[in-house]
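I have placed the structure first, in the form of structure tokens, so that the comments after it can refer back to it.
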């Protein structure tokens with residue numbers, strides 16, 4: 001499935017391993033339409049009886065996901081537009097949260113902003129040494145409010161605070177593994193992909209009811225996220241209209 005720029009592709013093999021791959025030419029920075037498509041693809045795969053396990057990945061060489069699309073950010077003029085923009089990653093995170101199938105994340109390159117949110121929403125995440133991470137939202141007058149619950153749940157409040165307050169500073173994949181974001185970090189994409197195939201094949205052979213029950217256990221206490229993440233999107237949507245944010249965004253826009 002494609003939008004005017006970028007795509008979300010879904011395929012399921014004979015083992016019941018469903019791979020969901022997203023791509024956008026601007027370093028996998030995702031516009032609202034693509035985020036909506038990604039969220040619906042995750043929901044459909046999670047409800048599909050033929051799917052036993054989901055692999056969530058991006059295509060391209062260098063960046064797993066650079067967060068939300070900056071061109072759209074520059075176009076926000078009112079609170080409704082701001083809330084709609086920041087709700088994009090909320091939908092993806094909630095789609096992952098409510099899936100009945102285990103989700104394996106494949107992070108081959110940098111994860112920025114909402115990209116960290118997607119990785120955090122995966123149940124088991126593999127990465128390469130190139131998968132450095134950063135949160136840059138405070139540097140442009142907003143904050144990583146929508147993805148915070150997912151990141152804090154995965155990495156802890158201390159790690160989230162360190163990422164948020166050192167806005168724009170990259171942290172290594174090994175640092176992220178030490179904080180719990182990644183299960184394993186590999187030297188090469190080939191090594192990572194081999195490990196993912198092994199892990200996904202094992203899960204696909206296990207009792208799906210047991211895996212679904214385990215997911216409910218893992219995600220216990222997150223039912224309120226459907227409203228919480230929407231409320232967080234409203235916070236960001238309001239902040240993006242502030243004088244401080246508009247000044248910071250205007251400075252970035254002048255560099256484009």
Worksheet, complete the sentence: Ordered by fewest other Cβ atoms within 10 Å, a rough proxy for footprinting exposure, 215, 52, 62 read 62, 215, 52
Practice prompt. Just grab the label-to-label distance for residue 170 and residue 231, each label 7 Å out from Cα along the Cβ direction, in nm (one decimal).
Written response: 3.6
Discussion item. Defining a contact as two alpha carbons under 8 Å apart and six or more residues distant in sequence, what relative contact order in percent does the chain show?
Written reply: 21
Response to the item:
Computed from the beta carbon distance with a Förster radius of 25 Å, FRET efficiency for residue 40 and residue 5 to the nearest 0.05 stands at 0.90
Response to the item:
To the nearest 0.05, the calculated FRET efficiency linking residue 139 and residue 48 through their beta-carbon distance, R0 being 30 Å, is 0.15
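May I ask you to compute the full-extension gain from residue 129 to residue 33, defined as 0.36 nm times their residue separation minus their alpha-carbon distance, rounded to one decimal in nm?
Contour length minus the Cα-Cα distance gives 31.5 nm.
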Item to complete: Measure off 7 Å from each Cα along the Cα-to-Cβ vector at residue 202 and residue 12, then give the distance between these two points in nanometres to one decimal.
Response: 2.4
Worksheet item: Between residue 218 and residue 190, 0.36 nm times their residue separation minus their Cα-Cα distance comes to what?
Response: 7.2 nm
Discussion item. Looking at the chain as a GNM with Cα springs under 10 Å, which of 133, 196, 103 has the largest mean-square fluctuation?
Written reply: 196
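Rounded to two decimals, what is the ratio between the C-alpha radius of gyration of the chain and 2.2 N^0.38 Å? Numbers along the way, then the final one.
Values: Rg = 17.3 Å, N = 256, 2.2 N^0.38 = 18.1 Å.
Expressed relative to 2.2 N^0.38 Å, the Cα Rg reads 0.96.
As a check on your grasp of the helix formula, calculate [θ] at 222 nm for the chain: sum -39500 (n - 2.57) over DSSP H runs of n ≥ 4, divide by the residue count, round to the nearest 500.
On the way: 11 runs with 127 residues, N = 256.
Value at 222 nm, helices only: -15000 deg cm²/dmol.
Need one number: % antiparallel among DSSP beta bridges in the range 1-142, to the nearest 5.
Numbers: 7 of 26 bridges.
Given both bridge residues lie in the range 1-142, the antiparallel proportion sits at roughly 25 percent.
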Response to the item:
Here the FRET efficiency for residue 158 versus residue 183, based on Cβ atoms and R0 = 25 Å and rounded to 0.05, is 0.80
Worksheet item: What relative contact order, as a whole-number percentage, does the range 120-191 give when Cα pairs under 8 Å and 6 or more residues apart are counted?
Response: 49
Worksheet item: Under a plain spin-label model, where a point goes 7 Å from the Cα along Cα-to-Cβ, how far apart in nm are residue 238 and residue 71?
Response: 3.1
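Computed from the coordinates by the stated procedures, all read-outs in this text should not be read as laboratory data. All values derive from a computational prediction rather than experimental measurement. No Cβ is skipped: glycine too gets one built from the backbone with ideal geometry, and neighbour counts run over all protein chains shown.
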